[in-house]
Amino acid sequence: MSALRTLALCYLVSVSAFGLAVGLRAWPGLTDQAARVFDKDVRRPAIEALARADRAVRAAHTSNARVVLALDAPGPADGRTLAHVELPKIERRYLSDAPPPMVQLTLDAPLTIAPDLPAIVASPRVESRARAEAPLRQDRPLTPEQMRARAHLAAMLTPEMRDNFGLFIFISKAASGPSAQRAYVFRKEHDALRLLYDWAASTGRERAEISPRGARTTTTTPAGFYQLDPERMYRKYRSYSWDQDMPYAMFFNWQRKGLPTGLAIHAATGDDVTRLGARASAGCVHLSADNARTLFELVRSEYRGRVPRFAIDADDTMSTKGKFSRRADGSLRMTDGYRVLVDIENYSGGDSDDAVALF
């Protein structure tokens with residue numbers, strides 16, 4: 001018998017017992033001894049059983065009660081809701097033949113909901129592709145394209161890059177080829193590069209355009225080495241220049257002529273989701289929503305640390321050639337950041353690309 005049923009029966013027994021006790025005490029023909037016997041053998045055991053059942057109900061680990069939250073405001077900025085708890089129905093065969101009641105407690109209390117990025121609904125085609133692009137198993141052999149990409153990246157990295165970074169994001173901005181418009185994510189393990197992810201990406205359209213704000217601009221994704229800006233990592237961001245959402249935006253820590261740039265890796269939205277795998281962005285690197293979130297969380301959770309800063313030339317522009325800033329004694333100038341190095345190249349993955357370092 002469940003604790004709830006036991007509790008209900010104990011209540012019935014207790015009511016009867018208390019009524020009988022009052023009657024015995026009021027009946028002049030009964031002695032005090034009979035009242036004491038009843039008190040010891042009936043009333044007190046009933047009270048103890050009731051207490052045990054009550055404790056069992058309170059201590060239960062599971063329940064089929066459900067909490068209902070109903071929004072009472074036009075948007076999440078207000079952050080207020082009305083909450084009520086719906087308790088399960090009581091089976092009527094244990095109590096009466098009346099229809100089982102639904103017991104409902106209502107608590108009209110404001111609750112604060114922290115605003116965050118709303119759910120991004122991808123098309124079924126994109127969702128199936130995201131599931132196929134789960135983390136690669138360590139024992140899974142690499143494809144020829146993946147092996148060439150790893151070898152090419154390894155050939156480009158200097159010893160200082162290997163020593164000071166733990167995650168390498170290799171992005172192809174090529175228009176065609178086996179590896180065109182792909183993002184390869186490698187983790188440094190000892191002296192080797194392990195491929196974690198191989199994702200479809202989109203880089204810039206590589207042409208002059210007029211932005212939605214009427215500004216003449218270019219949609220080029222410049223090739224080179226980049227670091228991530230620890231001060232500009234956003235789950236939710238909107239581009240003013242292009243009037244477009246940039247979920248899971250990770251901006252590059254790259255300044256040009258003394259000003260920070262808007263180059264970033266982020267999730268594609270709208271029609272750009274269907275264009276992954278082709279040049280489609282205004283200059284940023286696009287990933288699917290699932291993959292952008294995966295990379296965002298990986299970087300923030302595992303790769304915060306000290307990193308060398310890239311050198312700045314006389315034009316107050318930061319190097320994209322892998323040249324680091326140094327002190328007078330030749331040592332690297334270090335700063336807090338993310339131990340993540342991004343390499344963007346016009347790399348097709350074909351036989352014409354160099355692949356000189358294999359391991």
Problem set entry | Environment charge of S211, counting only residues whose C-beta is closer than 15 Å and scoring Lys/Arg +1, Asp/Glu -1 | +3
Exercise. In the structure displayed, which of K257/K323; K173/K321; K188/K323 lie more than 19 Å apart, Cα to Cα?
Worked result: K188/K323
Exercise. How high is the FRET efficiency from S319 to R207, r the C-beta distance, R0 30 Å, rounded to 0.05?
Worked result: 0.70
Problem set entry | Amide H partners (placed H, <5 Å) of G204, local residues excluded | T221, S281, G283
Exercise. Around Q181, what is the net charge, scoring Lys/Arg as +1 and Asp/Glu as -1 over all other residues with Cβ under 10 Å from its Cβ?
Worked result: +4
For this session: Extending each Cα 7 Å along its Cβ direction at A175 and T220, get the distance between those two points in nm, one decimal.
Result: 1.5 nm
Exercise. Please state the equivalent ellipsoid semi-axes for region 124-345: what are the square roots of 5 times the Cα gyration tensor eigenvalues, largest first, in whole Å?
Worked result: 25, 24, 16
Seminar exercise, completed: Ranked on Cβ counts within 10 Å of their own Cβ, fewest leading, M156, M250 go M156, M250
For this session: Could you work out how far the C-alpha centroid of region 272-332 sits from that of region 209-268, in angstrom?
Result: 11 Å
Seminar exercise, completed: Sorted by chain and number, the residues with a modelled amide H under 5 Å from that of E209, at a separation of 5 or more or across chains, are T217, T218, T219
Problem set entry | Neighbourhood charge, 14 Å Cβ-Cβ cut-off, centred on W242 and excluding it, Lys, Arg +1 and Asp, Glu -1 | -1
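Each value in this text was obtained by applying a stated rule to the coordinates, not by laboratory testing. Predicted, not measured: the structure shown is a model, and the values here were computed from it. As a convention, Cβ positions derive from the backbone with ideal geometry for all residues, glycine included, and neighbour counts pool all protein chains shown.
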